[in-house]
Amino acid sequence: MDDALLQKIAKLKQQRKAVILAHNYQPGEIQDLADFTGDSLGLSIKAAETDAEVVVFCGVLFMAQTAAILSPQKTVLLPAKDAGCPLADMITTEQLRELRAKHPDALVVCYVNSPADVKAESDYCCTSANAVEVVQSLPEDKEIIFVPDQHLGSFVKKRTGRDLILWPGYCSTHVVITENDINSAKARYPDAIVMAHPECTEPVKELSDQILSTGQMLTFVVHSDAKRFIVATENGIIHTLKKKRPDAEFTPASERGICPNMKKITLDKVVASLEDMKYHIKVPEEIRLKAKKSLERMVETLPAT
Ligand code: SF4
């Protein structure tokens, strides 16, 4: 790690009254310099609770938008302008409106991995950790459209027994993990627990011991006695998992489980972001208010903790 660069970031952070957030899939060095690491919604909520004036979101565009939705008074920066999410880009508001027109009475549940304007067109937002609870809370007699991830959707369908109308979106990083990858990792490490993210394909999830969101994986390993885990999600999380359980071994299910967009953030780009206040992510107020509503409806459906 470059100490001079880290000192520069610390100084700039103070000058700008900034907080740095890093998603669990970020490169290790970015996670290590962040004030908070976690999942996209958890980070956006954390940022809203701080008195920082600037939020540097080390992640992808929809995450920075979510932070901007929850913190309109703060300046939200995404250090890499082109860090998008192919899954989020698989649905547009026009496509969602067309689908809605075919099912006018349906409720729309939208995964947080979606653009701000798609959230604004939806009734409820959900995360991979609470999608099952959100769908379960909806009236039995209502049709439900679930966008944009078909694999999270089919997981929710299975867990809830609800007949969801799925959008055919997918995460290009999770779908490259195959059954073969899981079978060969299991053959090498028969004692390991396989943890798969719900964005993985159905056959991969069927071969796994646990289907968990990133946050749930981090909690699960802390409470598990197992000494070895096979991890079927974006490999950046292994950095965080190792910190939680330094005594355990974590093996990626596939070396291909890398999201190129998540790796676009570098230390130099974080410096440039703070120096030049770029790239400022804004969500038009009309869209922001509607998207916030679908996030708030999600929170209202969940049991109090
Ligand atoms: S891992 Fe998948 S869902 Fe997450 S940012 Fe990358 S492409 Fe999008």
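The values are calculated or read from the model by the stated rules, or taken from the named source; none is laboratory data. Predicted model only: the values in this text are computed from it and were never measured. Using ideal geometry, Cβ is built from the backbone for each residue, glycine included, and neighbour counts are taken over all protein chains shown. Ligands, DNA and RNA are stripped out before the accessible areas are found, and what is left, the full protein with its side chains, is counted by its heavy atoms. Shrake-Rupley method; radii C 1.70, N 1.55, O 1.52, S 1.80 Å.
So the values come out like this:
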| quantity | calculated |
| --- | --- |
| Sequence-distant aspartates and glutamates (8 or more away, or on other chains) whose Cα lies within less than 20 Å of Lys102 | Glu94, Asp117, Glu121, Asp123, Glu140, Asp141, Glu143, Asp149, Asp163 |
| Of all accessible heavy-atom area on the range 1-109, the percent that carbon and sulfur account for (1.4 Å) | 48 percent |
| Bridge type composition, the chain - antiparallel percent by DSSP, nearest 5 | 5 percent |
| Rounded accessible area of Ser122 (nearest 10 Å², 1.4 Å probe) | 10 Å² |
| Euclidean distance between Cα centres, the range 1-48 to the range 82-98, Å | 27 Å |
| Percentage relative contact order, the chain, counting C-alpha pairs under 8 Å, at least six apart | 22 percent |
| Proximal lysines to Lys81, defined as alpha-carbon separation beneath 17 angstrom and excluding residues fewer than eight positions away on the same chain | Lys263, Lys264, Lys269, Lys278, Lys282 |
| Distance between modelled label sites at Thr50 and Glu202, nm, 7 Å Cα→Cβ extension | 4.2 nm |
| Qualifying GluC sites (Glu not before Pro) in the range 246-305, DSSP loop, other Cβ atoms within 10 Å at most 15 | Glu255 |
| Over the range 176-305: Kirkwood hydrodynamic radius from C-alpha pairwise inverse distances, Å | 17.3 Å |
| Heavy-atom surface of the chain, accessible at 1.4 Å and reported per residue (Å²) | 44 Å² |
| Diffusion constant of the range 262-305 at 10 °C, which comes from Stokes-Einstein with the Kirkwood Cα-pair radius and 1.306 mPa s, µm²/s | 117 µm²/s |
| More than 30 angstrom apart: percent of Cα pairs within the chain | 32 percent |
| Only Lys, Arg (+1) and Asp, Glu (-1) charged, at Cβ; the chain dipole about Cα centre in debye | 480 debye |
| Cα lying deepest toward the dipole's positive end in the chain, options Leu164, Val271, Val109, charges on Cβ | Val271 |
| Which of Ala52, Pro27, Leu6, positive extreme of dipole for the range 1-70 (C-beta unit charges) | Ala52 |
